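Please treat every number below as a calculation from the coordinates, not as lab data. Remember, it's a predicted structure, so these values are computed and weren't measured experimentally. Glycine gets a Cβ as well: all are built from the backbone with ideal geometry, and neighbour counts include every protein chain shown.
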Amino acid sequence: MRKVGSQIAITLTLVAMASTVSSQQVKRSIGSDARRIQQAAPADATTLATRQRFLEMFARAYFPGRTGQLLIVPREGDFITRPDVAYMHGSPWTYDIAIPLMFVGPAVRTGRYSTPVVQQDVAPTLAAALGVQMPPTTTGRVLPVLRTGLARPRVVMLLVLDGMRRDYFDRYGASMPTLTALRQRSAWFTQARVNFLPTNTAAGHSTLSTGADPRLHGITGVSVYERKQRRRHDFFAGGTPQDLMVLTLADVWQLATAGRAIILAQGSIDRATTPLAGHGACQLNGAPVVLASYDQETGNWTTNPDCFRLPAYLKDRNAKTLWPASGEWMDHKIDSTGAVRYSALFPAFEADAMTAMIEREPLG
């Protein structure tokens with residue numbers, strides 16, 4: 001990989017996302033639960049404080065017309081086992097909201113930071129590194145990790161590992177030598193958390209990219225119920241950014257440079273990739289930034305040409321080349337472009353695409 005600049009600032013942030021698979025499914029009747037609740041003793045101070053925290057998390061993601069009237073919160077340790085939850089998944093429990101967050105690069109003051117931080121703080125901190133300000137919709141703050149007196153970095157990279165827990169860095173550090181090495185020379189936050197509900201991909205990536213609460217940027221989950229048509233509405237389907245109601249870091253940087261900035265976004269699904277790319281050409285005075293999103297139906301890298309562009313060198317890459325002719329890999333059935341996305345064959349396919357973009361686009 002060629003060098004793209006003498007100074008590179010990298011921020012690595014990892015988004016917690018609720019699991020939809022559990023080793024134990026607890027079945028309870030609604031009637032028995034109702035009787036148990038009625039007979040329960042009055043809530044103690046800890047329980048009341050927990051309920052208040054849940055309400056505040058829900059309030060940060062309440063957007064009129066999109067948020068439903070009910071929010072299901074599983075008991076701690078319980079999981080929704082349906083493989084495709086229609087509208088929401090994610091919980092307010094520690095295993096879903098305690099996330100790792102690190103900043104790495106010459107412009108970063110390394111060390112362990114015990115300051116409580118949230119996803120909303122990422123975009124304004126990166127914007128400060130670039131010398132621009134996020135709009136007033138931002139609810140996050142600039143974190144005290146940037147050195148003074150250094151030149152603006154020529155490249156900033158935001159890497160999101162969806163579903164990564166903070167404790168995985170300690171439990172599985174030996175299996176992640178690159179991430180572990182980055183952590184050792186990073187600004188590492190020990191108290192990074194998600195502070196809204198639900199804790200899922202579309203809402204999390206939109207919060208990271210905008211620095212705003214979901215109540216402001218409008219992405220309140222993976223999908224919502226569209227009342228007029230009485231159907232499910234998936235946010236960012238087909239790479240459409242129009243449901244995102246505020247500017248992203250990519251939008252701000254693009255507008256600040258009059259479209260000269262080189263912005264690349266790549267991910268394994270539309271709802272993960274599109275909010276990081278921003279609005280592209282689908283905003284006033286915008287330009288089509290590079291967006292490559294994996295299509296589970298075809299195995300190709302795709303984009304929404306109305307707002308973004310897909311480099312020609314990615315168009316012939318297809319995930320059908322990843323699994324053997326037998327349709328099995330390591331005793332697992334991997335025989336489709338959808339199944340391969342959930343296998344260990346896929347990360348290298350993603351990384352190769354991102355590496356090609358970094359090498360062939362005029363970064364820095």
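Spacing of the modelled spin labels on residue 298 and residue 47, each 7 Å from Cα toward Cβ, amounts to 5.5 nm. Longest exposed-loop-site-free stretch of the chain, with GluC sites (Glu not before Pro), DSSP loop and at most 16 other Cβ within 10 Å? Answer from the scan: 77-296. Relative to the Cα centre, the charge distribution of the chain, modelled as +1 at Lys and Arg Cβ and -1 at Asp and Glu Cβ, gives a dipole magnitude of about 680 debye.
Among 321, 137, 298, whose mean-square fluctuation peaks in a Gaussian network model of the chain (Cα, cutoff 10 Å)? Its mean-square fluctuation being the largest, the pick is 321. Shown in residue order for region 193-201 are the 3J(HN,Hα) couplings computed by the Karplus curve 6.51 cos²θ - 1.76 cosθ + 1.60 at θ = phi - 60°: 9, 8, 10, 9, 10, x, 8, 10, 4 Hz (x for Gly and Pro). A dipole drawn for region 237-364 from +1 and -1 charges on Cβ atoms has a positive end, and of 246, 268, 347 the residue lying farthest that way is 246. Its residue count N sets the reference 2.2 N^0.38 Å, and the alpha-carbon radius of gyration of region 120-190 equals 1.29 times that reference. Each of 175, 343 has some number of other Cβ atoms within 10 Å of its Cβ, and from fewest to most they run 175, 343. Note on region 107-231: Kirkwood radius taken over Cα pairs, Stokes-Einstein applied at 37 °C and 0.692 mPa s, translational D equal to 202 µm² s⁻¹. When the helices in the chain are scored as -39500 (n - 2.57) per DSSP H run of 4 or longer and the sum is shared across all residues, what 222 nm value do you end up with, to the nearest 500 deg cm²/dmol? Taken over the chain, the calculation gives -7500 deg cm²/dmol. Where Lys and Arg each count +1 and Asp and Glu each count -1, what net charge lies around residue 143 among other residues with Cβ under 11 Å from its Cβ? Combined, the nearby Lys, Arg, Asp and Glu give +1. At a Förster distance of 45 Å, what's the computed FRET efficiency of residue 132 paired with residue 320, Cβ-Cβ distance as r, to 0.05? It comes to 0.60.
Hey, could you grab the Kirkwood Rh for region 237-364? Inverse mean 1/r over distinct alpha carbon pairs, Å, one decimal. Display every interim value, and only then the final one.
Details: mean 1/r = 0.0652 Å⁻¹.
Its Kirkwood hydrodynamic radius stands at 15.3 Å.
For region 155-161, the Karplus equation 6.51 cos²θ - 1.76 cosθ + 1.60, evaluated at θ = phi - 60°, returns couplings of 9, 10, 10, 10, 10, 10, 9 Hz by residue, with Gly and Pro reported as x. Backbone phi angles across region 223-239, fed through the Karplus curve with coefficients 6.51, -1.76 and 1.60 (θ = phi - 60°), yield HN-Hα couplings of 8, 9, 8, 8, 5, 5, 8, 6, 8, 6, 10, 8, 5, 6, 4, x, x Hz in residue order; Gly and Pro are listed as x. All Cα-Cα distances of the chain, cut into 10 Å bins from zero to the largest, leave 5, 22, 33, 26, 10, 3, 0 percent in each bin in turn.
A straight Cα-to-Cα reach below 15 Å connects residue 333 with none of the aspartates and glutamates, residues fewer than 8 places away in its own chain not being considered.
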